[in-house]
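Engineer: Supplied in structure tokens, the structure appears directly below.
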Amino acid sequence: MPSVSSLGVGTGIDLSSLLSKLVAAESVPITQLNTRQTSFKNQLSAIGRIQSAVETFASAAEDIATEAGFKGFSATVADEEYASASATGYAAPGSFSLRVEQLAQANKLLSATAPSVSAGTLTLELGNISGGSFVAKSGTSPVTINFTGSTIEELRAAINDADAGISATIINGAGGKQLMLTSDETGVENTIRLTGSGGLVGLTYDPISPSVAFTEKAAAQDAEAYVEGVLVTSSTNTLSEAMTGVTLTLKKAHDPLQPTDATTLNIGNDNAGMIERIQAFVTAWNDLNSLSKELTKYDTTTQSGSVLTGDGTVSTVNNKLREVLFSSPSGISTAYATLADLGISLQSDGSLLLDEDEFSEALAANLSGVSSTVTAFGSAFQTAAEALVDLEGTITIRQASLDTLIDNLEARREELQRRVDAVEARYSKQFTALDKLMSQLQTQSAYLTQQLASLG
């Protein structure tokens with residue numbers, strides 16, 4: 001088949017241009033479908049932005065939906081040389097004496113200088129000493145190394161590769177090399193026991209009756225601290241829930257020669273943190289409000305709308321959340337029946353404004369009442385927002401609808417494209433035949449003209 005660009009050579013007619021115009025005319029419906037499909041894709045993208053903003057708002061609401069999430073407490077230690085502290089919403093304000101008795105530490109063993117090392121086995125165990133017996137650490141089993149090397153470096157590598165919860169390193173002392181073993185974790189249950197045989201029998205070490213093979217440089221021990229004279233312990237230097245809602249991180253032990261020395265643990269209301277969480281909630285609301293206005297605005301001057309102008313999804317989202325704002329959710333305080341009573345007011349543009357001074361005054365006057373109202377509204381807002389984006393939510397349903405429209409248009413576009421391609425092929429074939437016929441007729445006409453001329 002001649003190329004499209006060669007059509008018309010035989011006729012003198014621009015058949016190529018004619019074919020392009022005919023195909024363009026047939027393609028008009030495809031162009032229209034492409035425009036509609038692009039519009040739906042833009043709407044789907046915009047709905048996705050709304051979904052993201054709603055999810056962010058739901059998360060901000062969740063942060064204030066429970067007493068533990070909203071109510072904050074600050075925990076400080078008077079002398080942070082010894083410890084630091086943090087608190088959750090379940091803590092109780094007050095001042096408490098704190099004495100750090102000892103820090104948690106790992107077990108450390110140092111071998112004799114230049115220990116004899118050759119082929120043999122070495123069994124590594126972790127545990128603690130109880131009642132004069134070695135009790136294996138819960139959840140662990142002895143690990144036996146089948147050693148075939150002959151150097152302390154090879155033994156160090158074999159111990160580290162055994163994944164027994166024990167790390168080995170070599171100290172290159174002036175008198176020779178020494179093997180240092182350290183339990184990977186702190187706590188009394190990480191006491192090391194070694195059992196050797198063959199060329200490693202000399203490395204046997206029992207913490208109950210220590211041998212000369214190793215010297216204990218640091219005993220495995222738990223952290224210990226006294227809070228108001230009550231002993232609290234942990235295998236690490238972080239004492240989670242040392243008190244309800246309070247975590248202590250121990251840094252240094254008090255002088256054992258000064259048994260009455262102690263510092264003070266202070267727990268108070270974290271008003272700044274509560275204001276910060278409320279402000280995050282207000283910001284999330286305002287971000288959603290601003291985005292909604294941006295995607296639905298209509299310019300009366302140009303008489304043009306935005307991508308979601310006229311789309312009912314956005315108005316449904318905003319209406320559902322405003323319903324909560326003007327409701328009386330279960331659990332609110334009679335002292336603060338609305339968020340406006342706490343200094344959180346709705347503005348004419350649909351945004352929320354937090355009056356920090358008014359909110360702070362309410363916190364100081366009635367923390368319990370503020371907490372009840374805030375958490376009640378937080379829970380209600382969280383439920384409403386999550387319902388909008390769940391499997392049967394307004395946003396999810398709209399997204400599914402747009403996906404279906406886009407897919408249907410794509411199928412229709414592909415069908416029309418096949419028809420256009422077929423029409424183009426048919427026209428091209430017909431024009432090619434016409435061009436060939438006209439060329440033949442022109443050749444015959446020229447021949448006849450020549451013959452007639454010769455007769456004259």
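The values are calculated or read from the model by the stated rules, or taken from the named source; none is laboratory data. Remember, predicted model here, so these are calculated numbers, not experimental data. Every residue, glycine among them, receives a Cβ derived from its backbone with ideal geometry; neighbour counts consider all protein chains shown.
Engineer: Looking at (1) surrounded by fewer than 14 Cβ atoms within 10 Å (Cβ to Cβ); (2) over 30 Å from Gly199 (Cβ atoms), which is the only condition Glu154 fails?
Structural biologist: Failed condition: (2).
Engineer: Working carefully through the options Leu239, Leu288, find the one that is surrounded by 13 or more Cβ atoms within 10 Å (Cβ to Cβ) and more than 30 Å from Arg398 (Cβ to Cβ).
Structural biologist: None of the others qualify; the one that does is Leu239.
Engineer: I would also like to ask the following. Do we find a residue being under 16 Å from Ser167 (Cβ atoms) and either modelled with pLDDT under 95 or not in a strand (DSSP E or B) (or both) anywhere in region 225-241?
Structural biologist: No, region 225-241 contains no residue that is under 16 Å from Ser167 (Cβ atoms) and either modelled with pLDDT under 95 or not in a strand (DSSP E or B) (or both).
Engineer: When only residues in region 242-264 that are out of contact with any Phe, Trp or Tyr (no Cβ under 9 Å at 6 or more places or on another chain) and outside any loop (DSSP other than H, G, I, E, B) count, which is surrounded by the most Cβ atoms within 10 Å (Cβ to Cβ)?
Structural biologist: For region 242-264, the residue satisfying everything is Leu248.
Engineer: Output the number of residues of region 194-209 satisfying the condition of being in contact with a Ser or Thr (Cβ under 8 Å, 6 or more places away or on another chain) and part of a helix (DSSP H, G or I).
Structural biologist: 2
Engineer: If a residue must be polar (S, T, N, Q) and either without any contact (Cβ under 8 Å) to a residue 24 or more places away in the chain or in contact with a strand residue (DSSP E or B) (Cβ under 6 Å, 6 or more places away or on another chain) (or both), how many such residues does region 124-178 contain?
Structural biologist: Number satisfying all stated conditions: 11.
Engineer: Quickly run through region 348-370 and pick out the residues that are surrounded by 15 or more Cβ atoms within 10 Å (Cβ to Cβ), modelled with pLDDT under 95 and among the hydroxyl-bearing types (Ser, Thr, Tyr).
Structural biologist: Passing the criteria: none in range.
Engineer: How about region 303-343: which of its residues are surrounded by fewer than 18 Cβ atoms within 10 Å (Cβ to Cβ) and acidic (Asp, Glu)?
Structural biologist: Glu323, Asp341
Engineer: Then there is this: Checking the condition in the same structural domain as Ile278 (by TED's automatic domain parsing) and touching a Ser or Thr at 6+ places or on another chain (Cβ under 8 Å), which residue from Ser379, Ser401, Ser345 passes?
Structural biologist: Ser379
Engineer: Follow-up. Would you pick out the residues in region 166-182 that are farther than 14 Å from Ser116 by Cβ and either part of a strand (DSSP E or B) or under 42 Å from the mean Cα position of the chain (by Cα) (or both)?
Structural biologist: Selection gives Ile166, Ser167, Ala168, Thr169, Ile170, Ile171, Asn172, Gly173, Met180, Leu181, Thr182.
Engineer: Starting from residues that are farther than 13 Å from Ser292 by Cα and among the β-branched types (Val, Ile, Thr), keep the ones in region 25-66 and report whichever is nearest to the chain's Cα centre (by Cα).
Structural biologist: Per the stated criteria, the residue is Thr56.
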